[in-house]
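Inspection log for the structure reproduced underneath, given as structure tokens.
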Amino acid sequence: MRQKKTTRGTTGRTQASVKHGGQTLRPGPDGSRWIIPPVMPILPVRNMVVFPGSVVPLNVGRPKSKNLLDTLASGDKLIAVVHQTSATSDDPQITELDKIGTVCAVLKVFRLPDGNQSIIVHGLCRISLGTATQTDPYLTARIKVLDDIIQPSVELDALMASTRQQARRVAELSPNTPDETAQSLDTLQSPGALADFLAANLQIDAAQKQQLLAELKVTERLRVIAGRLASQLDVLELQQKIQADVKESIDKSQRRYFLTEQLKAIRRELGESDPTASAEATEIRTRLEQAAPPVAVMKEASRELSRLESTPPASPEYGVIRTYLQILCELPWNKLSEDNLDLAHAGHILDRDHHGLSLVKRRIIEFLAVRKLKALKTKAASAKPGALLDQSSRGAVLCFVGPPGVGKTSLGRSIAAALGRQFIRISLGGVRDEADIRGHRRTYIGSMPGRIISELRKCGTRNPVIVLDEVDKLGSDLRGDPSAALLEVLDPAQNHAFIDHYLDAPFNLSDVLFITTANSLDAMTGPLRDRLEVLEISGYTLAEKLLISRQHLVPRQLNANGLTARDATFSAPILSLLVEGYTREAGVRGLERSIGSVCRSIAADIVGGNAKQRPVKVTPQRVRAALGHHRFEAELADRKPVPGVATGLAYTPMGGEILFVEAARYTGKGRITLTGQIGSVMKESATAAFSIVRSRASEWGIDPILLSESDIHIHVPAGAVPKDGPSAGVAMLAAIVSLLTGRTIPPSTALTGEITLRGQVLPVGGLKEKLLAARRAGINRVLLPARNLLDIEDLPTESLIGLELVPVATIDELLAAALMDDSAKRQPSKKRGKKDR
């Protein structure tokens, strides 16, 4: 109930309770006094706390809350607004509400289109919640009005002044604070009213506001509010500082941009340019004139220089243009190192760095001799610097093909040393991006020239020796085919105008001496092989490895491990033990690693004081302690003659190898089975050998009926290793005939060659590697095609020592030389039944 205007109160000011007939009077918003009954309807609210003196809108949607508003429409306008502890409960009980709430006068009720209602309430006073008196149709409970506890003191006055000042400052820094806030702060003279007003507007959660509502001591309430305001004020001042800094930075940038544009316009009118950009452009222009690139390149550079002068230095495009021009300035357009074409000097360098390889060295000397003659003719013609020379003076691109560790890359280094040129090595193994060769276009972020142009820029001369290593291991994917990009680089008729995508201008590569290396030619494309002059580098013989070890490997490993010749000595038998027992390779890379391991064990003994005498003589015991037991021995050491077994020779990119062909017969229908992970070419050779045996069985004393009632199984051991090629055809034929006739093939005899159905033995390749493999395996007799005798003339003499070479032209000659006549007693009977094997 409301008593009509008996006493006027001040809006927003909390006054003390006045007892009136057992009830409590409270000032209302219009100056009248409200009578607070002891039992009131309760309106639970979520995530909101209403303070005395504040006017707050509330949304009402729950059924009991709607029932409460319906009652208020025809009755009293007072309700108790209490915060519920659980925001998820739709029908909170008295136990789920906070104990302290606020009596509010309902000023206005709005009905919303969705069926819910909205009310505006004005907080009057604090109450404490008692027991519930009703739960339906809405909640009512007993209440008790609570008054603020105010103890006037200097501290209270200071707190009021401080919080009022902080609140004004917060209102100034907050962008959405109404203008009436400062006026409201000035009108609030009561400490409790000021505290409630500030608490209602603090940016804190509902639980913290509920704690302030429950605090009856005004001094404590103001102290908490002052702390909250101080924290909020710190955040707002920091935000203001950040915004001011950002605005100042933006203003400076905009101002600089406008002034720069105006200055550029003024300079254009005056015919002047930017001093900074102009000075840098002048320097780049001077460097370009000193580099003296071709006319087409200079034209492109002049166009980019004009763009550089008209581009602001702060623009990202400025840096891109400047980098491009600097690369143009640093490229050796006309810087050529003088060649040392002294053939005797070149021969001395090659012999000093590499032992053997006489054919390769001779070809290199011939190559240098041709260049010397062409250089003399060019000098006589007085060609201008930088002019394109007659491309007929450019020799072919050399390609060193051979197993790993035979010195292909180091040969390129020796050629560079002999010529007095810079040496560049570019590894192409695993390269899949065409841009690695041709470069990226300048439209891409982070673009750069290709590796060839980049290396020429580093070395500073236009005629270095560039070794393109592992060219057979180039890949290709969606980014292009690098091997196709190499076609222009390695073609002497085209590379005088090589265009890198980044430069977008021709660069003369005709003076570069390109050398490529590969382990095998099989992986190369036909057009790429067509541009190369292939020099095959075979594996080293035992004598060559021993000499290389003494002259190169041992001194290098002693020095690498902190030793000298006075600290350790390697005798010839020890080096031979390392070569034959611990390494089986065409090159010397594994041999050098083994020598290094022994040197490290000697260094450890010297440092540990275990070396009793110097120099330390390397013994087999020391080798065994450093490397363990030897890993290799002659494959034929324990083998005995067995019908159906033949020894073949194979060539691999890692060098030569021997392989065994084993044949077995069992009852069947005249079929052949092949195992051992052999390729399609080797399968065809086996099929051809079986067809020859069936067609000529009578000539060789083989029962045709027995052959038709038997199946032949041919197996090539080391089944985990893929094998292919036609050179094992003679070994397969000999194994089948040996099996069916009972005549054995000596284990010390090896066979190589391709067979035809006409009975001919065709020549094969990789002969030197195969003969070296035969010597390593302990073979002393090799049957080879007669047409390979011409290849034997080019082989070094030491690779043939201890080998008896038997040339054969037909399979009849082959079988006569391969099969042992004294085993004829093992020949199977011509009238065996089906049960015979």
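The values are calculated or read from the model by the stated rules, or taken from the named source; none is laboratory data. From a predicted model like this one, the values you see are computed outputs, not experimental measurements. Every residue, glycine as well, gets a Cβ built from its backbone with ideal geometry; the counts of neighbours run over all protein chains shown. Side chains are part of the model used for accessible areas, which takes the heavy atoms of the whole protein and leaves out ligands, DNA and RNA. Shrake-Rupley method; radii C 1.70, N 1.55, O 1.52, S 1.80 Å.
Residue ranking by accessible heavy-atom surface, 1.4 Å probe, largest first, among Glu533, Glu248 comes out as Glu248, Glu533. Rounded to 0.05, the FRET efficiency of the Arg550 and Ala816 pair, given R0 = 45 Å and the Cβ-Cβ distance, is 0.55.
Let me make sure I get this right: for region 130-204, a, b and c are the square roots of the gyration tensor eigenvalues over alpha carbons, sorted descending. Under 1.5 in a/c it's rounded, otherwise prolate if a/b > b/c, else oblate. Which is it? Cα axes put region 130-204 in the oblate bin. Among 461-467, 111-117, the peptide with the highest mean count of other Cβ atoms within 10 Å heads the list, and the full ranking is 461-467, 111-117.
Put Glu289, Glu813, Glu215 in order of accessible area, highest first, and with a 1.4 Å probe you get Glu289, Glu813, Glu215. Explain nothing, just the number: relative contact order of region 454-527, from Cα pairs under 8 Å at least 6 residues apart, as a whole percent. In percent, rounded to a whole number, it is 43. Per residue, the chain exposes an accessible area of 50 Å² to a 1.4 Å probe, with every protein chain left in place.
Rounded to the nearest 5, what % of the DSSP beta bridges within the chain are antiparallel ones? Restricted to the chain, the bridges split so that about 60 percent are antiparallel. Considering only Leu819, Gln208, Asn519, and ranking their Cα positions along the charge dipole of the chain that arises from unit charges at the beta-carbon of Lys, Arg, Asp and Glu, the one farthest toward the positive end is Gln208. Cβ-Cβ distance of Thr323 and Ser358, R₀ of 51 Å, FRET efficiency by 1/(1 + (r/R0)^6): the value works out to about 0.55.
A Förster radius of 30 Å combined with the Cβ-Cβ distance from Asn780 to Ala809 puts the calculated FRET efficiency at roughly 0.85. Taking a ≥ b ≥ c as the square roots of the eigenvalues of the Cα gyration tensor, the chain is prolate, since a/c reaches 1.5 or more and a/b is larger than b/c.
Computed from point charges on the beta carbon alone (+1 for Lys and Arg, -1 for Asp and Glu), the dipole magnitude for the chain about its Cα centre is near 1420 Debye. Across Met448, Met732, the residue with the most accessible area heads the list, and the full order at a 1.4 Å probe is Met448, Met732. For region 516-649, rounded, prolate or oblate, judged on the Cα gyration tensor with a ≥ b ≥ c (square roots of eigenvalues), a/c < 1.5 rounded, else prolate if a/b > b/c? Note, shape of region 516-649 comes out oblate. Sorting the segments 161-167, 470-476 by their residues' average number of neighbouring beta-carbon atoms within 10 angstrom, most packed first, yields 470-476, 161-167. When the surface is traced with a 1.4 Å probe over the full set of protein chains, Asp821 keeps roughly 110 Å² accessible. The accessible surface of the chain, taken with every protein chain in place and a 1.4 Å probe, is 52 percent carbon and sulfur. Summed over qualifying helices (DSSP H, 4 residues or more, each -39500 (n - 2.57)) and divided by its residue number, the chain shows a 222 nm mean residue ellipticity of -12500 deg cm²/dmol.
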